[in-house]
Amino acid sequence: MRFEGQSIQCFMLDGGIAELRFDLQADSVNKFNKATLAELAEVLGLLQAEPGVRGLLVTSGKDCFVVGADVMEFTKYFQDPEDQLTEWLLQVDRLFSTVEDFDFPTVTAINGFAFGGGLEFTLATSYRVMSTATRIGVPETKLGIFPGWGGTVRLSRLVGADNAIEWIARGEHYGAEVALKVGVVDAVVAPDQVREAALDLLHQAMAGRRDWKARRLEKVSPLRLNPAEAMRVFETAKGLVADKAGPNYPAAVAAITAMQQGAALGRDAALKIEAAAFARMAKTPTALALVSIFLGDRYVRKIAKLMARSGAPVQRAAVLGAGIMGGGIAHQSASKGIPILMKDLQEQALALGLSKIGKLLSKSLERGRMTATEMAEVLTRIHPTLSFGAFKGVDLVVEAVVENAQVKQAVLADLEDQVKADAILASNTSTISITRLAEGLKRPENFCGMHFFNPVHRMPLVEVIRGHKSSDRAVATTVGYALAMGKTPIVVRDGPGFLVNRILFPYLAGFLRLVHEGVDFQQIDKVMEQFGWPMGPAYLLDMVGIDTAHHANTVMAQGFPDRMSRTEKTAIEAMFEAQRFGQKNGKGFYAYVPDPQGIPRKEADPQAAGILQPWVRVNHSASITDQDILDRMLLPMIIECSRCLEDRIVDTPVEVDIGLVYGLGFPPFRGGALRYADAVGLKTLCQKAEKYRALGKLYEPTAQMLQLAQAGRAFYQDK
């Protein structure tokens, strides 16, 4: 037999072995889309009807195996009623079970990434051989769902309930060593040996040296746990996972529950439970929001990759400043294989920067994320220097000195004379106009903004800011460098605060007004954390630094005086004057005391309330409910998001929401500020804003919002 499809090819090898090769012609990676699943059904039918097949080898014609389901296509099924979605899942289950039920052994050669449905398919084969260079996993819980093509059933029977729960609940990607130790794969070999090793394993099974039928019996039979053991394992896991995930991320607990309910049943009955539970989870707001973030990420990265094509690759970079941001940028660049010069004015500053980088690398080493050799290689890519001597050889320089326009302009003007004529200069400014900073430059077309977020190694967003004279080449090269650093870049147009900080400060303005009216800042933090923020606004200000926020607040007030300036003293100014700068000096809205590991721990500080009390205008706190707090915090943010779209700071709601989730930590399970606005309804939000009209421009809906509300439409037109 021979099958030549657009997604799959299948042909006979010597000795009665069939090779099924995934090779999706229309894409750079293999994925389970509708066409691939249809071809898989056709191929499996041919294999069932072919009398000469004695074994099946499954391979990939690409550098990866199968990255999972086609999420763009997959989510369309989420709109179907639960029973229809369940039936579709069971149809795919039957395909995978067909592979598992063949009366001959099957082996998969995992030569590259196998995630989600890609890994679930491999679990249906008798054995799996994995490359040392690849990673596998079931990351579905990060999308608000869980493995729905047999993952909870087969994984638990192959590796035990405990290991299956960990893999599914965490949703991480695992390397070959872990996968082999746990038992997800049966052999690990060098990348160029995967197919031959899988073929050898298949020959062993065909010759009777491997009991592949016993392996299949294990997967189709009930889980080997007695009722008492099952109760202990699953109930304990549900408690631990629920505490960690919280009520807003229910998928992991739902997966464990489905696993528990199917544990005493055979494969087919357990698959029905899994499918029904998956369908229920797919209809939740959390799944909608998290899938929208996933698709939004793909959208902005696609735009970035297209843009980067017109730039020049950065082979060698430099950063001015060895402080928190400069050191973080150097660490990130070197970690991704791009050598970088790190310049400062003082040897002590360089030593401190290198020390912080060393600590970050040591943590990665301790957690098994890199080897000692890899750590050493990263350090060799970072070249500390006190001079500009080697700067003629760099392609791009990130300026990361103090957030002061005059200082930055002087540094940039000096820097321009130290680099080659076509080198790109980028400023890591959070608020200062890129157009203004470019005024003293001889080649302003080679200059743009590159705003990283703190801590650099954790925050995925980079804002690339286009000044009035920034060239397409400068922007494209900077975008390409951000991508190479493993970041998600969003190109924004120039303006005070750019995108993320412009939206943040109206949110903080809402906070300052509430405090001014006597509302306890700890209560505000509590309400916003219950909404899903990783930290409330007072705690956030302490983390950012009160001095930094004081400066940025001044810049934003000058840029948007109609809604961000205040005539009375604010809580930020009160804390600044009291020299309570937040976590950096151990006191701000809260006090910070080092724990046994030296990590600052937040504690309530009665002195903070005393400092704020003189600036409370009229105490309205008794009449302000938690819902009022939520509305008064979020409305200014949503309204400013709309203003950014009207002002064309970015072009789409997707870029706004990805910016807020990746740059500020807006609760991902809510999909971003504009997804949240759509969920509440723009008409409802405009009515809420009317209640606070007396508070001024900060609470005045935009023309865009009013028009959409009147038409019954949303920011996202797919609703």
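What follows is calculated from the coordinates using simple rules that are stated; it is not laboratory data. Since the model is a prediction, treat every value here as computed from it, not as a measurement. When we count neighbours, we look across all protein chains shown, and the Cβ atoms used for this are built from the backbone with ideal geometry, even at glycine.
Annotations
- Geometric extent, Cα atoms of segment 387-533 - Rg, Dmax (angstrom): 17.9, 57
- The structure-derived value of Cα Rg over 2.2 N^0.38 Å appears in the list [x] 1.05; [y] 1.00; [z] 0.95 under the label [x].
- With a threshold of 25 Å on the Cα-Cα distance, the over-threshold entries among LYS62/LYS272; LYS343/LYS392; LYS359/LYS584; LYS336/LYS602; LYS34/LYS283 are LYS62/LYS272; LYS336/LYS602.
- Rounded to the nearest 500, the 222 nm mean residue ellipticity of the chain from helices alone is -16000 deg cm²/dmol, with -39,500 (n - 2.57) taken per DSSP H run of at least 4 residues.
- Site pair SER565 and SER355 shows an inter-label distance of 4.4 nm when each label is modelled 7 Å from Cα along Cα→Cβ.
- Over segment 2-283: Rg over Rh, Cα atoms, Kirkwood Rh: 0.95
- Exposure proxy ranking, count of Cβ atoms within 10 Å, fewest first, for THR106, THR548: THR548, THR106
- Centre separation in Å (Cα based) which lies between segment 479-513 and segment 78-115: 41 Å
- Convex hull of Cα atoms in segment 291-377, direction-averaged projection (nm²): 7.6 nm²
- Note that segment 164-210 carries a Kirkwood radius of 12.3 Å, evaluated over its alpha carbons pair by pair.
- Net charge dipole, segment 314-493: roughly 400 debye, given to the nearest 20, about the Cα centre with Cβ charges of +1 for Lys and Arg and -1 for Asp and Glu.
- Dimensions in Å of segment 144-222 - Rg and Dmax from alpha carbons: 14.2, 44
- Based on alpha carbons, the Rg and Dmax found for segment 623-684 are 12.0, 40 Å.
- Relative protection proxy for 225-238, 144-157, 66-79, from highest mean packing down: 144-157, 66-79, 225-238 (other beta-carbon atoms within 10 angstrom).
- Rg over Rh, two decimals, segment 314-493 (C-alpha only, Kirkwood Rh): 0.95
- Under 5 Å between amide hydrogens, built in the peptide plane, is the criterion, and for VAL188 it picks out MET130 among residues at least 5 positions away or on other chains.
- Stretching GLN91 away from THR625 to a fully extended chain increases their span by 187.3 nm, per 0.36 nm per residue minus the current alpha-carbon distance.
- Treating r as the C-beta distance of VAL616 and GLU690 and R0 as 35 Å, the FRET efficiency rounds to 0.85.
- Residue order, fewest to most surrounding Cβ atoms within 10 angstrom, among TRP615, TRP167, TRP212: TRP615, TRP212, TRP167
- Span per principal axis, largest first, for the Cα atoms of segment 501-711 (Å): 54, 39, 31
- Signed unit charges on C-beta, dipole axis of the chain, positive-most listed residue GLN261, LEU685, LEU350: LEU350
- Computed 3J(HN,Hα) for segment 430-440, one whole-Hz value per residue from the Karplus formula 6.51 cos²θ - 1.76 cosθ + 1.60 where θ = phi - 60°, is 9, 9, 7, 4, 5, 4, 5, 5, 7, 4, x, glycine and proline marked x.
- In Hz, Karplus ³J(HN,Hα) per residue of segment 168-173 (6.51, -1.76, 1.60; θ = phi - 60°; x = Gly, Pro): 6, 5, 6, x, 8, 9
- Label zone at GLU439 (point 7 Å along Cα-to-Cβ), backbone N below 18 Å, segment 528-560: 555-560
- Between 0 and 90°, nearest 10: helix 34-49 axis offset from the chain longest Cα axis: 10 degrees
- Amide H contacts of GLU399 (H built 1.01 Å from N, under 5 Å, at least 5 apart or other chain): LEU320, ALA426, SER427, ASN428
- Helix 285-308 vs. the chain, principal-axis angle (Cα, 0 to 90°, nearest 10): 80 degrees
- Relative to the Cα centre, the charge distribution of segment 501-711, modelled as +1 at Lys and Arg Cβ and -1 at Asp and Glu Cβ, gives a dipole magnitude of about 200 debye.
- Straight-line cross-link partners of LYS142 among the aspartates and glutamates, defined as a Cα under 15 Å from its Cα and at least 8 positions apart when in the same chain: GLU166, GLU172, ASP297.
- Remark: the chain carries a charge dipole of roughly 560 debye about the Cα centre, counting +1 on each Lys and Arg Cβ and -1 on each Asp and Glu Cβ.
- Here the mean projected area of the convex hull built on the C-alpha positions of segment 598-643 is 6.0 nm².
- 3J(HN,Hα) along segment 516-523, derived from phi through the Karplus expression 6.51 cos²θ - 1.76 cosθ + 1.60 where θ = phi - 60°, amounts to 4, 8, x, 6, 5, 4, 5, 5 Hz, with x in place of Gly and Pro.
- Inter-part distance where segment 605-679 and segment 251-296 are each reduced to a Cα centre, Å: 32 Å
- Of SER310, SER292, the sequence from fewest to most neighbouring Cβ atoms within 10 angstrom is SER310, SER292.
- Under 5 Å, built H, 5+ apart or other chain: amide partners of ARG54: ILE17, ALA18
- The angle between the Cα long axis of helix 405-416 and the main principal axis of the chain comes to about 60°, on a 0 to 90 degree scale.
- Using the Cβ-Cβ distance between GLN558 and GLN597 with R0 set to 45 Å, the FRET efficiency works out to roughly 0.65.
- ARG224/GLU177 FRET efficiency (R0 25 Å; Cβ-Cβ; nearest 0.05): 0.45
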